[in-house]
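A.B. asks: One structure follows; several queries about it will come next.
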Amino acid sequence: LYQASGTNLVDMKTFLPRLCASLAENRPPCVRDVTVTADALTFDSKRAMKVGLLVTELVTNAFKHAYPGDRHGDICVRLTGDGNTAVLTISDDGVGPPPALLTAESKGLGMRLIRSVLGQFGGTIDLGPGPGATFVIGLSDTRPRSGGG
């Protein structure tokens, strides 16, 4: 994550496109493109790793479920922020999520992983407007800390 800089800090504007390009190499034929936009934000390596896990889980979930049958579409990853807080949005233009996806009744391994990661740093997740699935993840206090906390 942070080899190039030699520090404990990760440039998310560089990291997220690289991560998504790597994921897109294995995308199914139904996914036309994975686009990424990211503000110039710097996270400590632990937070960047956790954000990377969230992105990987939600993008690969879209690969598997967003475009059944003969449907095709695109996935978009966006990270915006002001230095203290950030919003990560992952969206597709597919069939949309199941109604109970973000409820406590959702027992899937992926959602348990997402809840666990978000719980580690007080993040939130909500569903945004369609047409497909839009996950809006709030990341608070994103300022880099010494020691990578």
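A.B. asks: Output the residues belonging to region 49-88 that are without any contact (Cβ under 8 Å) to a residue 40 or more places away in the chain and of a type in the set (Val, Ile, Thr).
C.D. replies: Listed by number, the residues that qualify are Val55, Thr56, Val59, Thr60.
A.B. asks: Please state which one of Asp39, Asp44 is more than 16 Å from the chain's Cα centre (by Cα), closer than 21 Å to Ala86 by Cβ and not polar (S, T, N, Q).
C.D. replies: After applying the criteria, what remains is Asp44.
A.B. asks: Would you point out which residue out of Ile137, Ile125 is under 22 Å from Val10 (Cα atoms), among the hydrophobic types (A, V, I, L, M, F, W, C) and touching a strand residue (DSSP E or B) at 6+ places or on another chain (Cβ under 6 Å)?
C.D. replies: Ile137
A.B. asks: Please go through (1) over 13 Å from Ile137 (Cβ atoms); (2) in contact with a Cys (Cβ under 9 Å, 6 or more places away or on another chain); (3) among the β-branched types (Val, Ile, Thr); (4) buried (at least 18 other Cβ atoms within 10 Å of the Cβ) for Val55 and return the number of the only condition it doesn't satisfy.
C.D. replies: If we test Val55 against (1) over 13 Å from Ile137 (Cβ atoms); (2) in contact with a Cys (Cβ under 9 Å, 6 or more places away or on another chain); (3) among the β-branched types (Val, Ile, Thr); (4) buried (at least 18 other Cβ atoms within 10 Å of the Cβ), just (1) comes out false.
A.B. asks: To continue, here is another question. Give me the residue from region 61-96 that is outside any helix (DSSP H, G or I), open to solvent by less than 50 Å² (accessible area, probe 1.4 Å) and of a type in the set (A, V, I, L, M) and, out of that set, farthest from Ala40 (Cα to Cα).
C.D. replies: So the residue we want is Ala66.
A.B. asks: Now for a separate question. In region 27-46, what count of residues is obtained for those that are open to solvent by 70 Å² or more (accessible area, probe 1.4 Å), within 15 Å of Leu9 (Cβ to Cβ) and either touching a Pro at 6+ places or on another chain (Cβ under 6 Å) or of a type in the set (Lys, Arg) (or both)?
C.D. replies: Selection size over region 27-46: 1.
A.B. asks: Has region 16-35 got any residue that is touching a Gly at 6+ places or on another chain (Cβ under 9 Å) and part of a helix (DSSP H, G or I)?
C.D. replies: Yes, because at least one residue in region 16-35 is touching a Gly at 6+ places or on another chain (Cβ under 9 Å) and part of a helix (DSSP H, G or I).
A.B. asks: Enumerate the pairs (first residue in region 31-48 and free of Cβ contacts under 8 Å to residues at least 24 places away in the same chain and among the hydrophobic types (A, V, I, L, M, F, W, C); second residue anywhere and assigned to a helix (DSSP H, G or I) and open to solvent by less than 40 Å² (accessible area, probe 1.4 Å)) with beta-carbon separation below 9 Å, excluding pairs fewer than 6 apart on the same chain, so at least 6 apart or on different chains.
C.D. replies: none
The values are calculated or read from the model by the stated rules, or taken from the named source; none is laboratory data. Owing to the predicted nature of the structure, the values given are computational and were not obtained by experimental measurement. A quick note on method: Cβ atoms are made from the backbone with ideal geometry, for glycine too, and the neighbour counts reach across all protein chains shown. SASA here: full protein model, heavy atoms, side chains in, ligands and nucleic acids out. Shrake-Rupley method; radii C 1.70, N 1.55, O 1.52, S 1.80 Å.
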